[in-house]
Amino acid sequence: MSASEKPTWNGYRLGRPRSECEWEAFRAIRRSVDFESEESPCDPGEDLAAGNYPLLLWLDGKPVGAIRIDSLDNGGAAFRLVAIHPECQGQGHGRVLLREAEDFARDIGCRKAVIYSTMEAAGFYASAGYAEDTWDDQYFGGVVLMTKALHYAGFIPPDGSDPPVGG
């Protein structure tokens with residue numbers, strides 16, 4: 001099984017859309033949270049660019065969330081268009097999506113997760129261990145840059161100190 005398709009726990013599965021039906025589910029979730037309009041083209045072009053990984057979070061065979069992870073040149077992973085279907089929000093699926101996305105990013109060699117968050121969602125990301133970071137050259141007004149180091153379980157820094165909490 002590849003890094004783009006791995007079973008998770010308790011009925012969850014994170015994987016790439018594999019059929020037109022799954023792509024439609026991916027786009028429908030993004031439309032439901034206003035990331036895409038009904039008129040958006042059905043061509044997944046940018047989603048399938050080299051280093052970009054569009055992923056669906058499934059629960060018991062039903063798509064509940066979508067994310068695109070872009071592998072960055074600096075060892076980072078940009079978590080883009082993180083979305084949970086509105087009917088499924090508030091049930092813990094967002095935390096599962098983040099945890100599974102972090103595992104996926106580690107599996108493809110990334111050491112840091114980067115999220116350009118809305119002001120409204122920044123508290124959610126902070127509660128998941130993300131910290132507000134200084135802006136890089138990709139600043140967008142009204143957006144909070146959140147980052148988290150992607151340490152492997154059991155990671156101990158070379159100096160023997162405890163890893164920093166949340167990044």
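The values are calculated or read from the model by the stated rules, or taken from the named source; none is laboratory data. The structure displayed is predicted, hence computed values, not measured ones. Reconstructed Cβ throughout: ideal geometry from the backbone, glycine too, with neighbour counts over all protein chains shown.
Brief remarks on what is shown
- Within segment 117-133, the presence of a residue that is modelled with pLDDT of 95 or more, among the β-branched types (V, I, T) and either within 15 Å of L14 (Cβ to Cβ) or not in a loop (DSSP other than H, G, I, E, B) (or both) is excluded.
- Test: E22 is at pLDDT 95 or above, more than 15 Å from the chain's Cα centre (by Cα) and charged (D, E, K, R): yes
- Exactly one residue among A77, A83, A66 is over 19 Å from F26 (Cα atoms), touching a residue at least 12 places away in the same chain (Cβ under 8 Å) and part of a strand (DSSP E or B), and that residue is A77.
- Residue within segment 58-81 that is at pLDDT 85 or above, among the aliphatic types (A, V, I, L, M), buried (at least 17 other Cβ atoms within 10 Å of the Cβ) and in contact with a Gly (Cβ under 8 Å, 6 or more places away or on another chain) present: yes
- Condition check for I108: at pLDDT 95 or above and over 15 Å from D47 (Cβ atoms): no
- Selection from segment 1-19 of residues that are modelled with pLDDT of 85 or more and either among the basic types (K, R) or assigned to a loop (DSSP other than H, G, I, E, B) (or both): G11, R13, R16, P17, R18, S19
- Scoring D159 on the criteria (1) crowded, with 18+ Cβ neighbours inside 10 Å; (2) out of contact with any helix residue (DSSP H, G or I) (no Cβ under 8 Å at 6 or more places or on another chain); (3) at pLDDT below 90; (4) not polar (S, T, N, Q) leaves a single failure, condition (1).
- Complete set of residues in segment 86-116 that are crowded, with 20+ Cβ neighbours inside 10 Å and not β-branched (V, I, T): G94, L97, L98, E100, A101, E102, F104, A105, C110, A113
- Qualifying residue in segment 44-55 (condition: at positive phi, outside any loop (DSSP other than H, G, I, E, B), modelled with pLDDT under 95 and among the aliphatic types (A, V, I, L, M)): no
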